[in-house]
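Only one structure is covered here, and it is reproduced in the block below.
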Amino acid sequence: MTDTRLTVSLPGTALLSALNALGELPTGVDVVQWDLTGAPPAGALDIVVPPYMGATGKLGALAGVTTRLVQSQSIGYDGVADILPPGHVFANAASVHETSTAELTLALILASQRGIPDFVRAADEGRWAPARHASLADRTVLLIGYGGVGQAIEARLLPFETDVVRVASRARTDERGPIHGIDELPTLLPQADIVVVGVPLSESTHHLVDDAFLAQMRDRALLVNIARGPVADTDALLAHAASGRLRLALDVTDPEPLPPGHALFTLPNVLITPHVGGASTAMMPRMARLLRRQIDLMLAGDAPVNVVVRS
C-alpha cells in the first residue's frame, strides 16, 4: 500500500455506524467528526464528508484546510464549483441514491395515476369514494435525463408494461433502441402521458420546464420532477396545475422548502414530497460502501471514483 495513514472526517455518527457495520477499518485510518461548522479538527484531512443536505453552502469552510478528497453524500453537485475553495477534489455519491430515487419516482407515478391522494383524503373524512383512475400500464412515459437515476427509473417502469421514451443531452442508441436528444422535446412532449424530469441542474436546464414546455404536454398528463426545484418555473407549474390541465408530482420545488400555505400545497392535482428521493434506509449502508471503497483506493495509491469537480 502506498499511503499508510488516512484521516477521514465525518459529519455525524450515522455514517460512522454504517461504516463500522462493514467491518473493522484498515490500520492507520483515523476518523474524526466535523460538520463543516466551527473550527476544523485539523489543518489536513485526507477525506472530508460534508453533511447530506444543505452542504454546498458550507464548503467555504474548507478554505485553509488541505484535503485529498471531498466526498459528497449527494449525486447532484450544482453550485459546488462556485463555492469550493481552490485546491480540492470533489466526488459525488453516484451509486448511493439511484435505487431509492427510482423507488420514490415509481411511488409518485403510481399514487398519481391510481388516485391514491384522493382515496386518502376521502378516508380521512370517513368517506367510501370508489373511482376509476388512469393505469400506468400502456402509458407512454417520457424520461428526460438518462444518467444513473434515469436508468434505474426505466428498469422499474418497464415491468409495468409502459412505453418508455428516453431523452438525454445528446441523441444516441443503445441495445434497447434510440435515446433522443433534448432538442427533440417539442416533438416528444405531446406524445407522453407521463413526463419524468431527472436532469442535473445547470445553466442549460434552469427553467427547462417553463410555460412553453408545459403547454406542449397533453391535457391531464402527469409531470414528475425528481431533479432539482429550479429546473422548473414554479409560476408556470402553478398556472398549468391550477387550471386543471396538468397533474404534478414533485419531490423538489423552488423555493425549497415550500413556505407554509404555498399555493402548490392547495391543489388536489399536485402531489408533493419534501425532497426525500434518496432518504431511505438504503442510503447509509450504500454511502458507507462508497466511502469504504474510496478509503481502500486511496490506501492503495489509486485515484478515487466519482470525481466531478477539481477546484
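Does the range 115-207 come out rounded, prolate or oblate, given a ≥ b ≥ c as the square roots of the eigenvalues of its C-alpha gyration tensor, rounded meaning a/c under 1.5 and, failing that, prolate meaning a/b above b/c? Show your work: numbers first, answer last.
Numbers: a/c = 2.58, a/b = 1.96, b/c = 1.32.
Cα axes put the range 115-207 in the prolate bin.
Could you state the accessible area per residue of the range 164-291 in Å², with a 1.4 Å probe and every protein chain left in place?
On the way: 5740 Å² over 128 residues.
Ligands and nucleic acids excluded, the figure is 45 Å² per residue.
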field: Per-residue SASA entry for Tyr77, accessible area with 1.4 Å probe, Å² rounded to 10
entry: 100 Å²
message: Just to make sure I understand: if all protein chains stay in place, what is the order of Glu256, Glu175, Glu125 by accessible area at 1.4 Å, largest first?
response: Glu175, Glu125, Glu256
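Would you calculate, for the chain, the mean residue ellipticity at 222 nm contributed by helices, counting each DSSP H stretch of 4 or more residues as -39,500 (n - 2.57) and dividing by all residues, to the nearest 500? Let's see the in-between values first.
Details: 9 runs with 83 residues, N = 311.
Result for the chain, helices only: -7500 deg cm²/dmol.
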- request: Specify the angular offset, from 0 to 90 degrees and rounded to the nearest 10, of the alpha carbon long axis of helix 148-157 from the longest principal axis of the alpha carbons in the chain.
  value: 40 degrees
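Can you tell me how the chain classifies by the Cα gyration tensor, rounded, prolate or oblate, using a/c under 1.5 as the rounded cut? Mind dumping the intermediate values first?
Values: a/c = 2.04, a/b = 1.87, b/c = 1.09.
Verdict is prolate for the chain.
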field: Span from the the range 44-92 Cα centroid across to the the range 238-284 one, whole angstrom
entry: 28 Å
- prompt: Which angle between 0 and 90 degrees, to the nearest 10, do you get for helix 98-113 versus the longest principal axis of the chain when only C-alpha atoms count?
  reply: 20 degrees
- line: Taking Val32, Val70 and ranking on accessible area (1.4 Å, protein atoms only), highest first, one gets Val32, Val70
- line: Expressed in angstrom and rounded, the centroid-to-centroid distance over alpha carbons for the range 1-41 and the range 118-190 is 40 Å
query: To the nearest 10 degrees, how steeply does helix 283-299 sit against the main Cα axis of the chain, on a 0 to 90 scale?
result: 40 degrees
message: Using the Karplus curve 6.51 cos²θ - 1.76 cosθ + 1.60 with θ = phi - 60°, what ³J(HN,Hα) values do you get for each residue of the range 194-201, in whole Hz, with x for Gly and Pro?
response: 9, 10, 10, 9, x, 8, x, 7
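If contacts are Cα pairs under 8 angstrom and at least 6 residues apart, what is the relative contact order of the range 88-215 in percent? Could the numbers behind the result be given before it?
Values: 150 pairs, mean separation 30.1, N = 128.
Relative contact order of the range 88-215: 24 percent.
What do you reckon, how do Leu258, Leu143 stack up by accessible area (1.4 Å probe), largest on top?
Values: Leu258 25, Leu143 0 Å².
Final ranking, largest accessible area leading: Leu258, Leu143.
The values are calculated or read from the model by the stated rules, or taken from the named source; none is laboratory data. Quick caveat, the model's predicted, so the values are computed rather than measured. To get the accessible areas, we keep the full protein, side chains included, count just its heavy atoms, and leave off ligands, DNA and RNA. Shrake-Rupley method; radii C 1.70, N 1.55, O 1.52, S 1.80 Å.
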